[in-house]
């Protein structure tokens with residue numbers, strides 16, 4: 001695995017900036033939804049809830065977006081050199097992952113100051129991060145290969161992400177949805193992103209967080225978001241491998 | 001004793017789908033699918049090409065632009081997948097389709113060497129072992145810790161070329177990258193080619209330079225029109241390649257002449273008109289392609305539309321519209337065709353030995369009513385109406401000289 005050197009592209013200052021962006025978004029959302037609309041007043045530690053959601057979502061958005069552009073953006077290399085194509089996508093997701101790690105440091109600093117007691121179950125958090133990484137990587141592979149052929153994927157993905165941001169319990173607490181309609185709450189939590197974010201809040205902040213197992217006892221349904229991630233990575237690598245043969249002529 | 005094969009090319013074909021219009025949107029795809037429309041054209045870039053390159057060979061690939069040789073090189077490098085057929089490569093292959101691919105301007109020369117190595121599939125350790133010889137060859141020892149953007153373009157190319165040359169691969173693919181660096185560096189590059197050859201590295205070399213082909217190549221493949229035209233002896237290949245280029249010139253000339261026929265620049269009062277003009281080679285075949293130093297002939301048909309007392313006919317060969325090379329004129333030769341009346345025809349036959357060396361020339365023809373060399377009325381003048389290709393001959397310059405040299 002020598003090709004990861006591609007990741008050198010970011011500068012040290014770039015990382016600092018990538019921290020500023022989620023923090024500013026966090027401040028805005030906290031002001032609007034936390035203090036003005038008082039959405040989070042029912043939830044203990046709403047700010048930290050919000051921050052975890054934003055940081056995890058931001059990684060997902062960054063990894064999929066850089067993944068989408070990665071192959072086409074490196075067309076000059078693809079056309080002239082023969083090296084494993086997946087390295088470009090992986091390199092892009094790694095740089096997003098480094099950003100995530102830096103952001104998570106900020107999250108843990110907030111956690112320490114917010115007076116939340118860390119419980120042993122917090123040790124499960126890395127597993128959730130791994131699941132998140134796999135999900136993002138799967139979509140990155142899929143989108144990167146698709147973008148070579150269909151150049152309007154980028155707009156569609158932008159729209160999709162906008163909608164998905166609100167379909168995922170990032171700003172609003174899940175508990176509110178549950179009181180309104182249980183079915184919708186279930187559907188929302190079947191989305192792996194929602195599952196990951198809620199589970200992360202569960203293990204890091206409070207066991208009062210609504211997770212899928214609170215809503216259903218069907219174990220197949222409970223693990224289905226995780227299964228979905230594995231199916232996604234399987235399909236995505238298959239599709240990427242298949243289409244990567246022709247990247248050089250199509251890109 | 002059969003030699004070891006480094007690259008085996010087995011019945012390789014490559015087709016490209018060329019979309020008729022830029023069609024890379026989902027909407028288009030769905031629409032086309034819906035209407036069962038195939039919105040592309042198949043372009044056959046390579047058709048059934050087979051050959052082997054032996055280990056230690058310096059193998060040249062030549063061909064005109066668009067013949068498919070670059071496609072072939074990319075297939076050898078596994079950048080493209082062949083549509084049909086198989087390519088087998090034995091040993092580590094390093095392609096250099098273009099120098100400096102993957103260089104990052106923001107990184108130092110040192111980092112770029114390692115980055116480039118990584119892209120070519122070398123590990124950090126392998127690159128570390130090669131690093132010193134690469135830098136030494138590029139003569140950039142003092143600059144390696146500077147960012148690449150502060151290099152001159154010549155320095156960048158030198159670095160790229162050094163990586164290409166010094167990377168420890170078994171097979172090297174090189175596409176048109178030799179004309180790099182200053183004179184000193186070029187000389188060094190040529191020496192290195194010699195050295196690589198002696199060291200028994202397999203090299204596949206795509207070029208337009210017949211000098212390099214002659215100097216280095218053991219065997220040469222000529223690709224034309226997507227097919228393997230010839231493979232073998234370099235001198236023979238050079239010959240074929242030159243002929244290909246010449247043929248294209250003459251095809252183009254004929255097409256141009258055909259197009260020009262209706263739009264020839266002509267002037268004169270129209271009392272006579274050159275109706276047709278034809279050139280013939282020594283075998284009497286009508287052509288615009290003549291051989292240097294060989295007999296040729298021409299025919300002009302002139303029709304008169306009014307009284308002409310002393311018609312004079314002239315033909316002039318020019319290198320370009322301003323530079324006369326040679327001509328013949330009935331008036332200067334003291335010939336007379338007699339007075340002509342309305343409705344008369346005159347057929348002029350012209351013959352001689354083509355005195356011009358290989359090249360493309362313009363021919364002008366005129367008929368005038370002459371009282372003297374300085375007092376005449378232009379009746380019809382076809383100015384630079386025809387392009388003639390001359391081929392063959394040994395002379396340089398414009399004239400196919402018959403001068404001989406002998407030792408006394």
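Where a number appears in this text, it was derived from the coordinates with a stated rule and is not lab data. Since this is a predicted model, take the numbers as computed values, not measurements. Positions of Cβ are generated from backbone atoms using ideal geometry, with glycine treated the same way; all protein chains shown enter the neighbour counts.
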Practice item. Using only the C-alpha atoms of chain B, find the volume of their convex hull and express it per residue in Å³. Key: 273 Å³
Point to revise | Peptide B:77-83, shielding by other chains (average Cβ, 10 Å cutoff) | key: 4
Revision key, fill the gap. per DSSP, antiparallel bridges as share of beta bridges in the protein assembly as shown, % nearest 5, sits at 75 percent
Review point. What is the mean number of Cβ atoms from other protein chains located within 10 Å of the Cβ atom of each residue in peptide B:117-123, rounded to a whole number?
Key: 5
Exercise for review: Would you mind listing how long the protein assembly as shown runs along its three principal axes, going by Cα atoms, in whole Å with the largest first?
Suggested key: 120, 62, 46
Check your understanding: If one computes the Cα centroid of region B:365-408 and of region A:153-173, what distance in Å separates the two points?
Key -> 78 Å
Review point. Other chains' Cβ within 10 Å of A:80-87 residues: what's the mean?
Key: 6
Review point. Among A:101, B:217, which comes first, second and so on when ranked by fewest other beta-carbon atoms within 10 Å?
Key: A:101, B:217
Exercise for review: Starting from one equal scatterer on each C-alpha and no solvent at all, send me the Debye-based log10 I(q)/I(0) for region A:112-241 at q = 0.21, 0.22, 0.23 Å⁻¹, two decimals.
Suggested key: -1.29, -1.34, -1.40
Study note, to complete from the structure: Computed from the beta carbon distance with a Förster radius of 60 Å, FRET efficiency for residue B:92 and residue A:221 to the nearest 0.05 stands at 0.70
Check your understanding: What does the convex hull of the Cα atoms of region A:3-250 come to per residue, in Å³, rounded to a whole number?
Key -> 131 Å³
Review point. Taking Rh as the Kirkwood radius computed over C-alpha pairs, what is the Stokes-Einstein D of region B:264-391 at 20 °C in a medium of viscosity 1.002 mPa s, expressed in µm² per second?
Key: 143 µm²/s
Check your understanding: Calculated from DSSP H runs of 4 or more alone, at -39500 (n - 2.57) each and per residue, what is the 222 nm mean residue ellipticity of chain A, nearest 500?
Key -> -24000 deg cm²/dmol
Point to revise | Efficiency of FRET from Cβ geometry, residue B:123 and residue A:31, R₀ 35 Å, rounded to 0.05 | key: 0.10
Review point. Which whole-angstrom value gives the distance between the alpha carbon centres of region B:166-234 and region A:184-251?
Key: 53 Å
Practice item. Evaluate the Kirkwood expression for the hydrodynamic radius of region B:214-279, namely the inverse of the mean inverse distance over all pairs of different C-alpha atoms, and round to one decimal in Å. Key: 15.5 Å
**Study point:** chain B: calculated mean residue ellipticity at 222 nm from DSSP helix runs of at least 4, using -39500 (n - 2.57)
**Key:** -8500 deg cm²/dmol
Check your understanding: When you count, for each residue, the other Cβ atoms within 10 Å and take the mean per peptide, how do A:185-194, B:240-249, A:85-94, B:302-311 rank with the highest first?
Key -> A:85-94, A:185-194, B:302-311, B:240-249
Review point. So how far apart, in nm, are the two label points at residue A:23 and residue B:309 if each is 7 Å from Cα heading toward Cβ?
Key: 10.4 nm
Study note, to complete from the structure: Rh (Kirkwood, all Cα-Cα pairs) for region B:167-230, Å, reads 13.0 Å
Review point. Once you put a point 7 Å from the Cα of residue A:42 and another 7 Å from the Cα of residue A:206, both along the Cβ direction, what distance in nm separates them?
Key: 1.2 nm
Check your understanding: Ranked highest first by the average count of other Cβ atoms within 10 Å around their residues, in what order do A:238-246, A:117-125 fall?
Key -> A:238-246, A:117-125
